[in-house]
Each structure stands twice: as structure tokens, then as C-alpha cells.
Amino acid sequence: MDEHEVPTHVQAEDRVLLWFTFPQIVALTAVAAVSYGIYQVAPFGPEAVRIGLGLVFALAGIALIVGRVGGRRLPAVAADLLRFGFGARRFAGLPAQLVRVEPPAPPVKRRAAEAEDDAAGSVAQKSTEARAKPSADLGADLAQQSAKADGPFRRRVRKLANLKRSPRPRTRGERMPFKPRNWFRKRDRRQRSKREFDEARDALAREQREHRFSRWPSLLGGAAALAVVASVAVCTPPHALADEGEQETWSSDEIEFDPPPLIPGRRLFIERLTVTASAATVVLKAAANLEVEVRAFGGPDGREPKFRRENTLGRGGRSSYLMPLDGPAPSFTFAWRDEYGQAGALSLSGDQIPYPLPSAEGELCELRLVSLVWRAERIEGGLRSECVSALEEPVELQTAAGHAELSQTALLPAEVTQVSGTLIVSAGSREASVAFAPDAETRFELPLPAESGILAVEVAAALSADLRIPLPDLVQLTHHPRWVEQRTETVTLTRPGTSQTVSETVTLSDPEGNPVAYTISATLSIPSAQVQKDVTLEIVHPEHVRAELVQRPALTKIRSESLALSSAVAADDAYRALVPPQQEPERPASVQTRLSPAERNELFLILGWGP
């Protein structure tokens, strides 16, 4: 017989009038009534003020009911904003708690069904053992067991005791639960006596009446809280908080829906992760046909979206993404959805991204890790160095020699002629060494097996520099004792010339006997001349020390230095294609056909409708 499936599993909202759902129509009616009440019975202001207040309230209510932001209603957006503003901003647990290392457990519904079967078996065993007891004791035991058990167990006990719920009056417009499983239930179950079932039902009813009055205070408080938030709850769709558990199944009184079975296996692999000073390159490889959405977050708190891209990857396809590194704690997420309707995500954050890249500064060189690359079979990287050309080196210097020896420690300028060394890169139990290239980029490579986790990368640099130090002149001291030296030298003297006039008065008597005075003058002159004479001199030399400056060659010296850098990078497993299990053949579409009279009569006989 062909069958027709009613499409009630889509969970779509019913449009009652135009594009409005029934909760929206109820909320619009309530808003209209309150707006009219503000206009009609408000005890303040003139009529124009009351009309304005009513219109403002009506427009605000319609916007809250009908308006949407990004496909979501405004109350839900407001609730999310309040939760984001006043809720927790940081996950307090360990990062390992956010990573699923094993497949999820079976759906809750299946586990609940198994628990119900176990509980039913235990109740059936207890009821068999209690057959020898009076029927009143049996009913009391069943009632007490059902009151202590949880919901599924209580329903199983009621089914075993054939305890039907009291008929509830159906309100107008309500439809009865759709439970087709009750039409074809097994009819060969053993039925207990009517008296035992009645006694058990009466005992359960008495227990319910005893506990009913103790629930009134909580019910009144809940009703008051519901009355406050009724207008928002009517038009706000249900949503799940970010920290709630993952819902594995869904069911209702009318619809029982089990999600498709989980297909184990990885869908997305990280094939390469390259981190530089300002950006990161991530290469993804798909193990199945996937729809991939990539996001990057950064900013001061690491929550601002900085990059987003969506694309489709086929089985074995690769895609490369150049993603910015912004803020002190950037993070990446890679969400995927496969062709089987299942979804998942990968994330990189914290120690999984080596950002910022480390650096080390020494006296000889400054080292900076400019790139770090993880591949499925090795780790690569680049280390840039900037070395000094001159520095100051302490030297034990001899300043004087000979008659006195003097030495002191001096800080002299030194010229760096050559820098050499070795880089030792280690990760886990593997290490490799490469020659150091000064004032250039030194590339290193370390083979590693592909294994998911966080790899700690250590880089140790052993450097040595050849120094040429110019030394100042050496002071050579010589001691001389006291001694007397006689030296004879010929001295040439120049006698200067001179002249002098001499006058004298003489008195004579003339013949007559008179005295007559006469003046007589004479001029005397001596010419200039050079006169040589031998002179003996005596020179006394006291005791003394003489100093001489002696040039010496430049000093050569070797200076050593050790620097270390440490970082960490995320590693992923080796790629393996997804091998899905064989799918069950699709069920052919149902086709309604008209029954022949013979088939109709046969069906009526099976259902007991025949004559």
C-alpha cells in the first residue's frame, strides 16, 4: 500500500494572514489595544499628545514585532546584545575543552530509549516478583516507583500499568497529538488484571493530589514572571546560548525526528601554515566535497572580525588564504559543511599561531625570526640577522716597559672583521643545524612526521666574531745615572771697533811775554776684529729616566656569544581522504493509486470493517 508523508519535519512557521505568523498577529493585536488605551484613557495631556503617544507606542511595537536585522527579529537581537554586553567575555576553561577529540556520543533520544527499556525490564521483574503480594501493595509499589523515577521511567510505568492520563479538554483550534506509532503497537502483550491496574491508578492519583498543593507558590511566581515578559516571548523565536550543550536530537509530541547518522572521519586538513611579521598563509585540503567559510579575528580584545571568505572545495582540493594578523591575540576559524549535511569547524589561536615572532638581541648580532612554516612533513623558517661592525672590547693593555712596567684594563674600540656561527633548530625529539649567515637571512629546515598538536620550536645560535683592535704606542723607559762631562770648545769672539776724540788746552808765552792759550785735538780709533779662544767647560748630568714611544701591531681577538629563541606552531595530521559508508538506496517517491474493489474489500477485512 502506498503512503503519503506529511511534511511536518521542516519546522517552518505557518503564515496565517499575509506574511504574518499567528504569534505576530497576537502581538500586533495586543500592541493595537494598548495604543488605543493610551489614547482613550490616558489621564494627562490634550488629545493631540495622547494621539502622538499612542502612535509612538504603536510604531515601536510594530517595529519590534515585524522588524528584522540580518534575518533575525529585533527582540532576539536585543537579547543577544544584552547577553554580549553583560555576559562573560572570556572562556574560563582550558583550550582542550573546546576541542572534540572523539566522535560525539549517540543521540540523547536513543540513550533515553535504552534507559526506558532497562527501566521497563526492572519494573516488569519487580511486578512478577510481587504477584504473591496483595493487589493493594502492588499498586502502592508501582505508584511509589513511578513517583520517584524520571519522566521516561514514569511513562513506561504508566504504560505497563495501563494508567491513562485524565482526559484534558481540548481548546478551540488545538489539534490532537499525531502519534502513528500507537496504531501499530504490539497486541500480544500480557495484560494484568483490571483490579490491580485500578488500584495502582488510584494510588498514583492520591500521590499526585498530595503533591499538587505544594506547587502553588512556585506556579504563582512563574506566572507573574511570565506575565512580565509575555510580549517579548510571544514574538521571539527560541534560541540557544553560546555556552549550552550541543543538541543532538529533536522531538515533539507530534514529530519524532532523528538526525542522520554521524559519518566518522576528518573533512578538512591544514596542509601548510606560514606566519610572517604581519600576515599568515593557511593552505587547507578537503577530504570531501565541502563548503568552507574562513574567518579571522583580531583587534585589542581579539574579537573583531578582520577577514571573511567563503568558497567550495572538492575532494582533494586545496585552497590558500592570506589572513591578517591584527592585535595581540589573533585567531582563525574554518567552518565547513559537507555534502552529507554534516558540519564542523577548525580553529587556530593562542600558541597554535606563532605570533608575534620572537627576536633576540646580543652584543654581536640581533636575531629576528621573520617566518615560520609548518608543512605536513617538515618545519621551515627564516632567521634574519643584523651584526655590528665595530664595538668596544676590554683589553689588558701594557702602557710602559723598561725601567718600569705598567699595565691596566682599557676599553678600546675594536673592528669586527668576520662573524660566523651555527644555528641549531629543535622541535620535539628532532634537531638540525645550519651555518649562520651574518647580515642576511638564514633559512633552516627540520623534517618531522605529521602529527596533530602544538610543536615547540627552539632556535639556538652559537656565534663568534673576529676582532681587530688597534693598540696605542708603547712607552719604553730607560734609566740614566749621574755623571760629569768636560767638553773643550773653540769660542770665536767678535771685538767691536771704537773711536774717541781727545782735546787738550796748552798755554804758551809769546815773545812779549804774554800767555797765549792753544787747544790741541787728536782723534783715536780702534777697528773691529774676531778673536778665537779655546774654552774648557764642565757639564754635570743628574740621574734621570728617558722615555721613547714604540709602535706595536694591532691585536686580534675572538669573541663568542650564544642566543636563543623559542616559539610554537600548530601541527596537523597527514591528509587522508574520507571514505563514507555505503548509503542506503533512496526510497522511491510515494504515488497514490486508486484501489480496486477487491483490494478495498481485503483492506476492510484486515481493519475489521467488513461485514
Legend entry - D326, D351, reordered so the largest accessible area comes first (probe 1.4 Å): D351, D326
Inset, instruction - Give me the accessible area of E538, 1.4 Å probe, in Å² rounded to the nearest 10. - result: 130 Å²
Inset, instruction - Evaluate E = 1/(1 + (r/R0)^6) for A554 and R384, where r is the Cβ-Cβ distance and R0 equals 41 Å; express this FRET efficiency to the nearest 0.05. - result: 0.85
Inset, instruction - Could you please put D202, D80 in sequence from largest to smallest accessible area, using a 1.4 Å probe? - result: D202, D80
Legend entry - Nearest-10 value in Å² for the accessible area of E271, using the 1.4 Å probe: 50 Å²
Legend entry - Rounded percent of accessible protein surface that carbon and sulfur make up, the stretch 256-342, 1.4 Å probe: 51 percent
Legend entry - Pairwise label distance in nanometres, V16 with S426, each label 7 Å out on the Cα-Cβ vector: 7.3 nm
Legend entry - FRET efficiency estimate (nearest 0.05) - Cβ-Cβ, E339 to E458, R0 51 angstrom: 0.75
Inset, instruction - Hey, can you find the accessible area per residue of the stretch 348-405 for me, probe 1.4 Å, expressed in square angstrom? - result: 45 Å²
Legend entry - Estimated FRET transfer efficiency (Q408, H479; beta-carbon r; R0 30 Å; 0.05): 0.85
Legend entry - Theoretical gain in end-to-end length, H541 to E445 [0.36 nm per residue, Cα-Cα removed]: 26.8 nm
Inset, instruction - Just name one of S567, L595, A554: the one whose Cα is farthest towards the positive end of the charge dipole of the stretch 469-611 (beta-carbon charges, Lys/Arg +1, Asp/Glu -1). - result: L595
Legend entry - Surface accessible to a 1.4 Å probe, W483 within the full protein complex, Å²: 120 Å²
Inset, instruction - Kindly sort I25, I606, I263 by accessible area of their heavy atoms, largest first, with the probe set to 1.4 Å. - result: I606, I25, I263
Legend entry - Per residue accessible area in Å² of the stretch 483-591, where ligands, DNA and RNA are left out and the probe is 1.4 Å: 85 Å²
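The values are calculated or read from the model by the stated rules, or taken from the named source; none is laboratory data. The shown structure was predicted, so the numbers you read here are calculated from the model rather than taken from an experiment. Virtual Cβ from ideal backbone geometry, glycine too; neighbours counted across all protein chains shown. Protein only, heavy atoms only, side chains kept; ligands, DNA and RNA dropped before computing areas. Shrake-Rupley method; radii C 1.70, N 1.55, O 1.52, S 1.80 Å.
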